[in-house]
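Working notes, beginning with the structure itself.
We did not get these values from a lab; they are worked out from the coordinates using the rules stated. Just so it is clear, the model here is predicted, and its values are computed rather than measured. Counting neighbours? That spans all protein chains shown, and the Cβs are built from the backbone with ideal geometry, glycine included.
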Amino acid sequence: MIKEKFNKAFTLIELLGVLILLAVIALITFPIIDKVLSNAKNEAYERQKDSIIEAARLYVTTNGNYSTNQTQLSFQTLIDSGFLKEGEILDPRDSSKEMPGCIVYNWDESKNQYTFEYSEDCVVATPAECFTYQDYEDGVEITDYDESCGGYDVVIPDIIDGKKVLSIYEWSLNGKGLTSVKFSENIKNIGSYAFIWNNFTKIDLSILININYIDKTAFCANNNELTRDNFVGIKEYTYDYFNFNCPL
């Protein structure tokens with residue numbers, strides 16, 4: 001008796017059905033897997049930040065690098081000092097890149113200790129030693145500035161000698177050849193002629209959320225390029241508020 005043998009194979013329709021099923025499964029599972037991977041990378045990023053902060057804490061403790069001023073500490077300094085390794089600053093979210101930012105530490109008088117935080121957006125404040133200032137009980141007032149020390153792009157420190165920088169005295173940064181200034185949100189008062197005879201092309205006051213008073217002559221006799229478009233202010237202090245003709 002001869003038995004017929006049949007070779008059973010997928011038909012084209014059945015094959016298409018399998019492919020469609022696999023595609024549907026992929027569409028359902030891919031976003032879930034992607035979210036899990038993204039969450040894992042973000043968690044690793046947070047752990048990496050904590051590790052870097054701890055390395056900065058050990059660096060300050062070991063080296064006695066104490067300061068009552070707000071201080072920024074670069075990752076390269078921690079690597080050069082042996083508190084971090086090169087691979088420890090790779091960004092877990094994208095291992096082809098290094099972690100952005102730096103560590104900012106600051107003396108907290110209320111807690112009588114240093115606080116450390118990771119900052120992705122580090123703007124290096126002009127060193128406190130470049131300023132002359134008056135130390136009052138409630139804060140610091142800047143009275144002069146040495147451009148040979150800090151240069152022509154000034155970043156007003158948040159804190160000097162453990163106290164907030166609250167005001168900029170009259171005439172304090174006059175005629176220094178400054179091309180830019182970044183304020184601290186702590187500033188409450190800016191005196192008359194404080195920034196007279198400089199070379200600003202833009203004045204940004206938007207960070208001054210605690211401001212009480214800015215004298216009308218604070219920015220007079222500056223660069224002729226200053227126009228309404230180069231001026232970023234807050235409601236109380238518009239471009240029209242200021243007197244750029246400097247009535248001396």
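For a test of the definition: using alpha carbon positions, the gyration tensor, and the 1.5 limit on a/c, classify the stretch 29-88 as rounded, prolate or oblate. Don't skip to the end; give the middle numbers.
Numbers: a/c = 4.09, a/b = 2.76, b/c = 1.48.
Prolate, because a/c is 1.5 or more and a/b exceeds b/c.
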Task: Estimated distance in nm for a label pair at Tyr213 and Thr29, the labels positioned 7 Å out from Cα along Cα-to-Cβ - done: 7.0
- [ ] When a/c is below 1.5 the answer is rounded, else prolate if a/b is larger than b/c, else oblate, so apply that to the stretch 124-241 with a ≥ b ≥ c taken from the square roots of the Cα gyration tensor eigenvalues.
- [x] oblate
TODO: Would you grab the residues whose amide H sits under 5 Å from the one on Ile160? Only those 5+ places off in sequence or on another chain, please, with H modelled 1.01 Å from N.
DONE: Val165
- [ ] Figure the gain on full extension for Ser110 and Tyr152 (residue separation times 0.36 nm, minus the Cα-Cα span) and round it to one decimal in nm.
- [x] 11.7 nm
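Fully extended, how many nm does the chain gain between Asn39 and Trp171 (0.36 nm per residue separation, minus their Cα-Cα distance)? Could you put the intermediate results ahead of the total?
Details: separation 132, 0.36 × 132 = 47.52 nm, distance 5.23 nm.
Gain on stretching Asn39 to Trp171: 42.3 nm.
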Open item on the list: How would the chain be classified by its alpha-carbon gyration tensor: rounded, prolate or oblate, with rounded meaning a/c under 1.5 and the a/b versus b/c comparison settling the rest?
Closed with: prolate
Open item on the list: Using amide H atoms built in the peptide plane, which far-off residues or other-chain residues are under 5 Å from Asp91 H to H?
Closed with: Lys97, Glu98, Met99
Task: Pairs beyond 18 Å (Cα-Cα), from Lys164/Lys188; Lys164/Lys202; Lys97/Lys182; Lys35/Lys85; Lys176/Lys202; Lys188/Lys216 - done: Lys164/Lys202; Lys97/Lys182; Lys35/Lys85
Open item on the list: How large is the Kirkwood hydrodynamic radius of the stretch 136-175, counting all unique pairs of alpha carbons, in Å?
Closed with: 10.9
Task: Residue order, fewest to most beta carbons within 10 Å, for Ser38, Ser110 - done: Ser110, Ser38
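Rounded to the nearest 500, what is the 222 nm mean residue ellipticity of the chain from helices alone, with -39500 (n - 2.57) per DSSP H run of 4+ residues and division by all residues?
Details: 3 runs with 62 residues, N = 248.
The helix-only estimate for the chain comes to -8500 deg cm²/dmol at 222 nm.
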TODO: Starting at the first residue of the stretch 50-60, write each ³J(HN,Hα) from the Karplus equation 6.51 cos²θ - 1.76 cosθ + 1.60 with θ = phi - 60°, in whole Hz, x for Gly and Pro.
DONE: 4, 5, 5, 4, 5, 4, 5, 4, 5, 4, 5
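Once fully extended, how much extra length lies between Thr132 and Leu19, figured as 0.36 nm per residue of separation less the alpha-carbon to alpha-carbon distance? It would help to have the intermediate numbers written out before the result.
Values: separation 113, 0.36 × 113 = 40.68 nm, distance 7.46 nm.
That pair, Thr132 and Leu19, stretches by 33.2 nm at full extension.
Using r as the Cβ-Cβ distance of Asp121 and Ser96, and R0 as 25 Å, what FRET efficiency do you calculate, to the nearest 0.05? Spell out each step's value before the answer.
Values: r = 21 Å, r/R0 = 0.84.
My answer for the efficiency is 0.75.
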- [ ] Rounding to the nearest 20 debye, state how big the charge dipole of the chain is about its Cα centre with +1 on each Lys and Arg Cβ and -1 on each Asp and Glu Cβ.
- [x] 1320
Open item on the list: I'd like the Karplus ³J(HN,Hα) series for the stretch 93-101: coefficients 6.51, -1.76, 1.60, θ = phi - 60°, whole numbers in Hz, and an x wherever there's a Gly or Pro.
Closed with: 6, 7, 5, 7, 10, 8, 4, x, x
- [ ] Mind listing the long-range amide H neighbours of Asp144? Cut-off is under 5 Å, sequence gap 5 or more, other chains count too, H placed in the peptide plane at 1.01 Å from N.
- [x] Thr132
Open item on the list: Can you work out the Karplus-derived ³J(HN,Hα) for every residue in the stretch 133-141? Use 6.51 cos²θ - 1.76 cosθ + 1.60 with θ = phi - 60°, whole Hz, and x for glycine or proline.
Closed with: 8, 10, 9, 10, 4, 9, x, 10, 10
